[in-house]
Amino acid sequence: MDKKAMILVVDDEHGVRQSFNMVLKDEYNVLLAENGKQAIDIFTKNAVDLILLDILIPDINGIDLLEKLKEIDPNVEIIMVTAVKEIQTAVKAIKLGAYEYVIKPFVVDDVLTLIHRALEKRSLLREVTYLRGELKRHQPFEKMVGEHESLQAVFDLIRTISKSDGAVLIQGESGTGKELVARAIHNSVSRKHKPFVVINCAAIPPTLMESELFGYNKGAFTGAAGTTMGKLEIANKGTVFLDDIDSLDVNMQAKLLRAIQEKEFERLGSTKVIRSDIRFVAASNRSIRELISRGKFREDLYYRLNVFPIILPPLRERKSDIPLLLNHFLELNSKKSGKPAKRFSKKAVNALMKYSWPGNVRELENMVERLTTITRKTVINIQDVSAFNIDFGNITRGMKLKDAVSAFEKNYISEVLDNVGGNRRKAAQTLGIHRNTLFVKMNEPADITGEI
Ligand SMILES: Nc1ncnc2c1ncn2[C@@H]1O[C@H](COP(=O)(O)OP(=O)(O)OP(=O)(O)O)[C@@H](O)[C@H]1O
Ligand SMILES: [Mg+2]
């Protein structure tokens, strides 16, 4: 794929167009227009990044043309090219959103520097928009743990994939690490310093999906107040993660397919072509094959995305990784809290290895987090574990009544504590016990203030 920026030169003089072409053609894709009509036509049909615009052109005033071009795409960078006597006009152009002006005759290096800066500004704008969105997101921990051969095979595949730009389809049950794999792919390629843009197909209503993906121009629909870049435009040179792709509406599947195939699309309410160089990674926790057979998923889109298939195994099929994962999350929690890492007793680990983990790694991670918060001791034992969730059936089964009761009690106390945001006083009130009794039950030192 051609990653050169595209520059449109608008000038009525053949000689000027040709000299710009000579200077720019090695580093950029250059398009030439000799009048306003041609300029608008070429600009609409091509993904132009920057325009060198002569102020004096035959069929339209340069300022009016500037306004028209900016209307089509407010993000395009325009450098005005002008003769000395038109400086007033050039200044007006800057006020209307031109990036800069150069005065004829100009020094080639100066123009090149200006072009570099203008293009850099454009890519920074995209990155800032991306980072604003990313700051709001919770950044999952990037490290992936697993020694089981099924996961090792996934790691190998990620290494292979990083050498190409083909789309990836990750399938696996909820909580198996699909997003983590998507981020690992992004981080292992040259795109890693570029945006990783997540599109959650299950969370975005179908009516908003199109503007979310492609962006929109002012006035495209009621409420479209300003021109907004879509996720595909923001993700230029980076990765787009299409999470829960199985939830994507069949109509949108067709539109997405077109954007993937042609690497081009338009904002809503605009005919201007936008080009974006994207690595697509999609994820699904339902079988796409099965959805195809029910007519819910387009087969052609499936083939487009499934260039590299990755199937993540459920945790119950790689139980030997459980001790490793437990330690991983214990360490992670200790780093977060700044307290020394806790550990699980041998019996507790054995019990956890018998459990089927329907919520996979996410369920295990949540369990470790809750247990390390609730338990004050350094060693988390089997009672603490069974207290966490009495549905652990096969773990509580065979326990002495005393232990089962204590397990239930701990579970109930932790639920009440959760409900009151960890406030010991309120929890004691709800439970109808003295605060000190609560501390005893939680294996914490009593509170000497004696306050209820
Ligand atoms: N192999 C692993 N090593 C370490 N952490 C993992 C691993 N797999 C998953 N996790 C962690 O488990 C949690 C769930 O993973 P992730 O969000 O990637 O799952 P998912 O497959 O996208 O789930 P869903 O389908 O519900 O969106 C995350 O916090 C992630 O960091
Ligand atoms: Mg996910």
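Below are the figures for this structure:
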{"quantity": "Long-range neighbours under 6 Å by Cβ, at least six apart or interchain, first residue open to solvent by 20 Å² or more (accessible area, probe 1.4 Å) within region 40-51, second of a type outside the set (A, V, I, L, M)", "calculated": "THR44/THR271; THR44/LYS272"}
{"quantity": "When residues of region 124-149 are limited to those that are open to solvent by 100 Å² or more (accessible area, probe 1.4 Å) and at pLDDT 75 or above, the one farthest from GLU365 (Cα to Cα)", "calculated": "GLU149"}
{"quantity": "Subset of region 380-412 that is modelled with pLDDT of 75 or more and touching a Leu at 6+ places or on another chain (Cβ under 7 Å) - its residue that is nearest to LEU330 (Cα to Cα)", "calculated": "ILE380"}
{"quantity": "Extreme residue, nearest to ligand 1 (Cβ to nearest atom), among residues of region 154-189 that are of a type in the set (A, V, I, L, M, F, W, C), in a helix (DSSP H, G or I) and more than 16 Å from LEU315 (Cβ to Cβ)", "calculated": "ALA182"}
{"quantity": "Total residues in region 27-37, condition within 18 Å of ALA47 (Cα to Cα) and open to solvent by 60 Å² or more (accessible area, probe 1.4 Å)", "calculated": "2"}
{"quantity": "Test set (1) within 30 Å of LYS68 (Cα to Cα); (2) surrounded by fewer than 17 Cβ atoms within 10 Å (Cβ to Cβ); (3) under 19 Å from the mean Cα position of the chain (by Cα) - GLY219 fails condition number", "calculated": "(3)"}
{"quantity": "Qualifying positions in region 67-86 - in a helix (DSSP H, G or I), more than 10 Å from ALA39 (Cβ to Cβ) and of a type in the set (A, V, I, L, M, F, W, C)", "calculated": "ILE72, VAL84"}
{"quantity": "Count of region 1-60 residues which are among the basic types (Lys, Arg) and touching a Lys or Arg at 6+ places or on another chain (Cβ under 8 Å)", "calculated": "1"}
{"quantity": "Filtered residues of region 333-350 (kept if part of a helix (DSSP H, G or I) and of a type in the set (D, E, K, R))", "calculated": "LYS335, LYS336, LYS346, LYS347"}
{"quantity": "Matching residues in region 155-202 - criterion: being out of contact with any strand residue (DSSP E or B) (no Cβ under 8 Å at 6 or more places or on another chain) and within 16 Å of ligand 2 (Cβ to nearest atom)", "calculated": "GLU173, SER174, GLY175, THR176, GLY177, LEU180, ALA184"}
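The values are calculated or read from the model by the stated rules, or taken from the named source; none is laboratory data. Since the model is a prediction, treat every value here as computed from it, not as a measurement. Every residue, glycine as well, gets a Cβ built from its backbone with ideal geometry; the counts of neighbours run over all protein chains shown. Heavy atoms of the whole protein, side chains included, go into the accessibility calculation; ligands, DNA and RNA do not. Shrake-Rupley method; radii C 1.70, N 1.55, O 1.52, S 1.80 Å.
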